[in-house]
Structure formats: C-alpha cells, structure tokens
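> This is the structure, below, for whatever I ask next.
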Amino acid sequence: MKIICIGRNYAKHIEELANERPVSPVVFLKPDSAILPRKNPFFIPAFSKDVHYEVEVLVKINKVGKHIDAKFGHKYYDEIGLGIDFTARDVQAVCKEKGLPWEKAKAFDGSAVIGSFYPKKEFDLENLNFQLYKNDALVQDGNTSAMLWKIDELIAYVSQYFTLKKGDVIFTGTPAGVGSVQENDVLKGVIEGREAFSIRVK
Ligand code: ZN
C-alpha cells in the first residue's frame, strides 16, 4: 500500500507557515515503512530538533481506480479515519529553501500515525469535526468544511498521477495549530467525539 499526503489544504495553516496558497493540491508520498506500528510510541528521530504534529483526516481507498472523476470519488472509499503526519520542520525548511524533495522531513520511519477508521456513513463529511490534544490541552481543532479541496476532489486530482489501490490511505492535510513535540508528550486524536488514537512521544 501507499500513503498519499496532501499539503496546504486549509487556509489558516497556510498562513501560519507563511506558505503560498497553491493553485492545485500539494502532493507527496510516504512509504509503508513510515507507518507507526499500533501501540508503539513515537521516537523523535535523532536528525531533527523540531518535529511537528499535524493531525489529518484519513481516507482509506477500497478499490483500484485511476483518472477518477470527482463526482465518482465517493465510490472509492467507505471508511474515514484520523492520523498524524509527523514532520521534521527543521529538515523540511532546508528542503524548501533548496527546492529539494520533502521525503527526509516527512516520510521517515514512524512519521505516519494511522488511527482507527469508521464507516463514512456515520459522518457528515462536509462538516466533520476533529481535534488533537497534547497532554490533554487542545492544540488543533479542525473541520472539513474549511478544506480548500474536498475529499472527492482530492481523489480525482491524485488519481490522475497515481493509480489508487485498495488499502491505500490519503492524508487530507492539516488545519492550523501545528507545533513541536517533546519527549513524554501524549497526543490524542478525536474525530466527532471518538478517540481515534493516543500516542506517547519518546
Ligand atoms: Zn500534513
């Protein structure tokens, strides 16, 4: 399986990092080795002094598809989840400055937290509330209505480039409130009142 990530999909997050508003979705990949195994703590990698959490709504692809029209996007997923796109912000800053790819900053081991998935029919996908708590303090509070590109539009966009396969996961971008993690932090993700994951940082 592959993990397809969308960057800069919420206007307030673009502002907080002083990024340009993209004219099309920003896309990058993580390998399956980036997935943090269930119940494992997240270890801050030695190559970074500034690892950030980014809570994101996840979409699990349910069948093969390419060149999918946005109006059929909904047929390619039944489940929605929540996860974290861990980002070595200091490493990413160097990549951005030099125009280099982001993989070292975003695709390292453990950088993809994939929490629980739930049937999409239980949610209003256009108005889905999700939160990240760091040590029980609310740090990110998002709603999918603020996405620049909706889930079905993202499926249409990325499937022009990559054949989607059953089991692939799309990270749909983070809202504002990203910040760094420290040893012993506990990060808890909540989607519509349900705890999707709880991760300890080491
Ligand atoms: Zn992200």
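> Taking the condition of being hydrophobic (A, V, I, L, M, F, W, C) and surrounded by fewer than 18 Cβ atoms within 10 Å (Cβ to Cβ), how many residues in region 126-138 meet it?
Count: 2.
> Looking at region 1-107, what helices (runs of 4 or more DSSP H) fall wholly within it and have at least 2 residues that are away from the ligand (no atom under 15 Å from the Cβ)?
89-98
> Here's something else I'd like to know. List, please: which pairs have Cβ atoms under 6 Å, are six or more places apart or on different chains, and start with a residue in region 5-24 that is over 15 Å from Ala176 (Cβ atoms) and end with one that is not small (Gly, Ala, Ser)?
These pairs meet every condition: Cys5/Phe28; Cys5/Asp85; Cys5/Phe171; Ile6/Pro25; Ile6/Leu154; Ile6/Thr172; Pro22/Arg8.
> Is it true that Ser145 is of a type in the set (S, T, N, Q) and surrounded by 15 or more Cβ atoms within 10 Å (Cβ to Cβ)?
In short, no.
> Which is more than 26 Å from Ala46 (Cα to Cα), β-branched (Val, Ile, Thr) and within 16 Å of the ligand (Cβ to nearest atom), of Ile155, Ile151?
Criteria check complete, one pass: Ile151.
> Of the residues Tyr161, Tyr118, only one is touching a residue at least 60 places away in the same chain (Cβ under 8 Å), open to solvent by 40 Å² or more (accessible area, probe 1.4 Å) and either assigned to a loop (DSSP other than H, G, I, E, B) or among the aromatic types (Phe, Trp, Tyr) (or both); which?
Tyr161
The values are calculated or read from the model by the stated rules, or taken from the named source; none is laboratory data. A quick note: this is a predicted structure, and the numbers were derived from the prediction, not measured. Ideal geometry is used to build each Cβ from the backbone, glycine not excepted, and the neighbour counts take in all protein chains shown. Surface accessibility is based on the protein's heavy atoms, side chains included, excluding ligands, DNA and RNA. Shrake-Rupley method; radii C 1.70, N 1.55, O 1.52, S 1.80 Å.
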